[in-house]
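What follows is a short report on a single structure.
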Amino acid sequence: MVIKMIIKDLISNLALLWSVIFLHTHFTSATPITRTSPFSKRLLFGLMGGLFSNVLMQYSIHIGDTIVDMRHIPIILMAFYGGPLPAIIGMILVIIGRFYFGFNLASYLAVLLIFIVTFGSIFVFKTKLSRRIQILISVTIANITFSVLISYVLADIKVLVILLPVYWAISYLSAIVSIFLVRYIRNSQRLFNLYKMESSTDALTGLNNVRKFDTIFNELLKNADAKDEMLSLLYIDIDFFKKVNDTYGHKEGDNVLRELGTTLKNSIRSFDIVSRNGGEEFTVILLDCSLDRAVEISEKIRVAVENHPFLLSSGEKISITVSIGVACYKETTRVASSLIEDADDALYQAKRTGRNKVCIANK
């Protein structure tokens, strides 16, 4: 019966511990706590960890005046991830919480235990040992200290023989799985964010890709209708880009595309939107922009590209030109859904009639 009680209560502690760690790591994965995090963030981390250790004490094993639980694991984790500040704050809250159960020998020894665990962990995590070894040493310090103190308080050898091996096993298990959980969730979230970014960003230039362009463009068309604003679209294509790739290689062609992306961003207004729609084709969405202003910006882009020396990795500089097609909703294009088609037609008109020029849709 005693064995069942000990195992049941410690596993309850374990389940609660992992659940909270999972939730905390999941919701803070965008800005995970580190030892160099802002003071306010580490302070909050310490407060949360200390309060959670107090929750664990509410689900502890009561053996006379002694309560047994996994309250030391959050302290170790706080020292591991956040450094001394959150660990010490957590320790103070644990001490306060432990005295809530009464002032007696067991509570004084519990304070000693959490004090040793906290400062032992802080010291261990400052060493140059591997992270895995640091965790094992910190948990071992906690287990040894607990064993010595509980043996002093409890005279019942039969209970100790059951309690100590179970406590050691669950203590190691809780620490190892907790670290694994944190790493797993952080890595999963990092990969998710990476895939999310790559789904909307052109990997080569860092500009919006065609999928992101479609999303933004469709939303802007709705807004333009609702606000009765003009919306201009530039379709831009590098002239004879195949010749650049054939002459200098695709790697150098990629360098040209990257530089062109930067040149485009430097040639437009801060709130306009540049995308790479594929290959050597780029687009610029000009918000609330009249046709005359769109043509002016297009010419600015054309001249900037023509005058820009594109640096190759060999140190050689080459020149390129672009053709640009311009369409403006409400001026060249009356139907919003035709804006892309009109800008594309204007681009091909520019390419058919000599390149390195700006052509306006439907003119």
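Of the residues making up the stretch 177-186, at least one is open to solvent by 30 Å² or more (accessible area, probe 1.4 Å), among the basic types (Lys, Arg), farther than 26 Å from THR332 by Cα and touching a residue at least 12 places away in the same chain (Cβ under 8 Å).
Which numbered condition in (1) modelled with pLDDT of 85 or more; (2) over 34 Å from the mean Cα position of the chain (by Cα); (3) among the aromatic types (Phe, Trp, Tyr) is the only one that PHE80 fails? Unmet condition: (2). Screening VAL117 with (1) under 29 Å from the mean Cα position of the chain (by Cα); (2) buried (at least 20 other Cβ atoms within 10 Å of the Cβ); (3) β-branched (Val, Ile, Thr) gives one miss only, at (1). Evaluating ASN223 against the criteria (1) open to solvent by 50 Å² or more (accessible area, probe 1.4 Å); (2) in contact (Cβ under 8 Å) with a residue 12 or more places away in the chain leaves one unmet condition, (2). Within the stretch 234-257, the set of residues being under 22 Å from GLY206 (Cα atoms) and of a type in the set (Val, Ile, Thr) comprises ILE236, ILE238, VAL244, VAL256. Screening ILE133 against (1) of a type outside the set (D, E, K, R); (2) open to solvent by 20 Å² or more (accessible area, probe 1.4 Å); (3) in contact with a helix residue (DSSP H, G or I) (Cβ under 8 Å, 6 or more places away or on another chain); (4) closer than 27 Å to LEU23 by Cα leaves a single unmet condition, (3).
Looking for whichever is modelled with pLDDT under 95, of a type in the set (Val, Ile, Thr) and under 22 Å from LYS363 (Cα atoms) here; the options are ILE324, ILE301, ILE340. Which one fits?
Working: ILE324 fails: modelled with pLDDT under 95; ILE301 fails: modelled with pLDDT under 95.
Going through ILE324, ILE301, ILE340 in turn, the sole match is ILE340.
Can you pull out the residues in the stretch 273-309 that are under 21 Å from GLY253 (Cα atoms) and of a type in the set (Asp, Glu)? Of everything in the stretch 273-309, those that are under 21 Å from GLY253 (Cα atoms) and of a type in the set (Asp, Glu) turn out to be GLU280, GLU281, GLU306. Among the residues of the stretch 220-243, the ones that are part of a helix (DSSP H, G or I) and closer than 21 Å to THR332 by Cβ come to 8 in all.
The values are calculated or read from the model by the stated rules, or taken from the named source; none is laboratory data. Note that the coordinates shown come from a computational prediction; the quantities given were computed from them, not determined experimentally. In this analysis, Cβ positions are derived from the backbone assuming ideal geometry, glycine residues included, and neighbour counts consider all displayed protein chains. Note: areas computed on protein heavy atoms with side chains; ligands, DNA, RNA excluded. Shrake-Rupley method; radii C 1.70, N 1.55, O 1.52, S 1.80 Å.
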